[in-house]
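Since the structure comes first, as structure tokens, the remarks are kept for the end.
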């Protein structure tokens, strides 16, 4: 079956939500991923949107994470103070799903600036809720397309902390959540080594070579001892993406 | 609207025109642009298109925010030009995360000296913004970040309905509308519909903002377009996508402002000019079950 690299990435990312009960949905790609998971293998997945929604059942893919479709039919809609204090800070959310303009070797995410903060080359939107999602969710999953500028050895600015300098750095700072667990890209899946917390390629998408991955990463990336091949999207996942979630092909072309 | 903005928004003011994705009062933003207000410090969690337009029009001196993007689309181009190239003028930034901004409004609304948030650990944001500070808990070994209160001069809040006194009801995403109102010195409420006081009193759980703190009620149907009002009209997603193209160049953005802001007298004229498009945004119905508050007599 024919599929695009983006469709494969979205389907693979949705599968990472196996076993999750409550997911905090980030803007952009995470949104289609979490909605695909809810419509395929995880019908009971509770979607939490920072706009103030717990238990969303979107009838269409919300373009924005504050779309009215996340309200109609939701389990609870509340002000943002309640959402951030009682759901996120209280510790009720297992998984935060985030995008990243830049992510480094230890999973630190930058969505603030490329270049110097005071004189940026590119000014990005900023944190939104990501800085606290990265700290307060049980774990973090990241979806972003691979590319040399997107995967520098160190990010220009840590908006949302990952494993910081690696090793026990996160634990030593008493950061509550366990931090990034996997990064799903259009070429491969990367996870973080148990000891060093360095991002490591654990699965290559079909027909993707190690060289192609390395060419899109800004440091000498490590490969796991056993590198798997990512399962392609199945017919039902493709149908959901193409017909229900992204008929305009904004994310999955 | 003209009188409310003229009388309650002054040059140099700190203004919070809030709304999280829904109920963003573009009508007020456009009136601020038309009246050529200057040197405003604009606050909002998610300065989106309305703020991009005000920045492009030269209204804004400083931005206090946590996410300056075009939600679901990408970057805000006028905001980027201001920050990266100082065009049309330099823009001072005071940047937080959403929780930090939420905490600032809570502290502002409750007149507290600061608000603690379990966030910012390991982030570079406290270095970029020294107003995000870490303190020692007075009750244990824990250290925690705190943010200062935010008390705007004026809050402008869109809502579905209010009575003439200003008792205001909102449903759907309520964002920080309530906190921003209580935090501010002056409050302008802009509504889709003016209703009788009895309508408000029949459902008091839905009243977020009491007349006690409201200085002006403005009735402005479609005042939040291209954002939305739950139950009234949908988000005009196509416009958010189009804005990315319109705003790429200062010239096309200025031409848009000429046609849709300077070139119309008020929101009613905008809505009339936009009528065909607005009619397509009406959602189907999804009513809640009525609830029984009970009648309790002596």
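Details
- Test result for residue B:156, away from every other protein chain (no Cβ under 11 Å), touching a helix residue (DSSP H, G or I) at 6+ places or on another chain (Cβ under 9 Å) and either crowded, with 24+ Cβ neighbours inside 10 Å or not in a loop (DSSP other than H, G, I, E, B) (or both): yes
- Of the residues examined, residue A:126 is one that is surrounded by 24 or more Cβ atoms within 10 Å (Cβ to Cβ) and part of a loop (DSSP other than H, G, I, E, B).
- Answer from A:177, A:167, A:99, A:162 - the residue that is under 13 Å from the mean Cα position of the chain (by Cα) and surrounded by fewer than 23 Cβ atoms within 10 Å (Cβ to Cβ): A:99
- Top-ranked residue of the range B:116-131 - restricted to ones that are touching a strand residue (DSSP E or B) at 6+ places or on another chain (Cβ under 8 Å) and surrounded by fewer than 23 Cβ atoms within 10 Å (Cβ to Cβ), ranked as farthest from the other protein chains (Cβ to nearest Cβ): B:131
- Qualifying residues in the range B:67-113 (those that are touching a helix residue (DSSP H, G or I) at 6+ places or on another chain (Cβ under 6 Å) and more than 10 Å from chain A (Cβ to nearest Cβ)) - the one farthest from residue B:247 (Cα to Cα): B:108
- Residues that are within 29 Å of residue B:103 (Cβ to Cβ) and out of contact with any helix residue (DSSP H, G or I) (no Cβ under 8 Å at 6 or more places or on another chain) within the range B:190-205 comprise B:191, B:204, B:205, listed in sequence order.
- Scanning the range B:182-200 finds one or more residues that are free of Cβ contacts under 8 Å to residues at least 12 places away in the same chain and outside any loop (DSSP other than H, G, I, E, B).
- Only one of the numbered conditions (1) under 24 Å from residue B:28 (Cβ atoms); (2) more than 24 Å from the chain's Cα centre (by Cα) is not met by residue B:294, and that is (1).
- Filtering the range A:163-201 to residues that are touching a residue at least 40 places away in the same chain (Cβ under 8 Å) and touching a helix residue (DSSP H, G or I) at 6+ places or on another chain (Cβ under 7 Å) leaves A:163, A:164, A:175, A:176, A:177, A:179, A:184, A:185, A:186, A:187, A:188, A:189.
- Checked against (1) within 9 Å of chain B (Cβ to nearest Cβ); (2) crowded, with 18+ Cβ neighbours inside 10 Å; (3) over 22 Å from residue A:251 (Cβ atoms); (4) in contact with a helix residue (DSSP H, G or I) (Cβ under 8 Å, 6 or more places away or on another chain), residue A:108 meets all criteria but (4).
- Conditions (1) more than 23 Å from residue B:3 (Cβ to Cβ); (2) crowded, with 16+ Cβ neighbours inside 10 Å; (3) in contact with a strand residue (DSSP E or B) (Cβ under 8 Å, 6 or more places away or on another chain): number failed by residue B:137: (2)
- Filtered by the rule that a residue be within 14 Å of chain A (Cβ to nearest Cβ), assigned to a loop (DSSP other than H, G, I, E, B), on the phi < 0 side of the Ramachandran plot and in contact (Cβ under 8 Å) with a residue 60 or more places away in the chain, the range B:214-245 gives B:224, B:225, B:226, B:227, B:230, B:232, B:235.
- Any hit, the range B:98-106, residues being in contact with a strand residue (DSSP E or B) (Cβ under 8 Å, 6 or more places away or on another chain) and without any contact (Cβ under 8 Å) to a residue 40 or more places away in the chain: yes
Read-outs: derived from the displayed coordinates by stated rules, not from any lab. Given the structure is predicted, the values throughout are model-derived calculations rather than measurements. Using ideal geometry, Cβ is built from the backbone for each residue, glycine included, and neighbour counts are taken over all protein chains shown.
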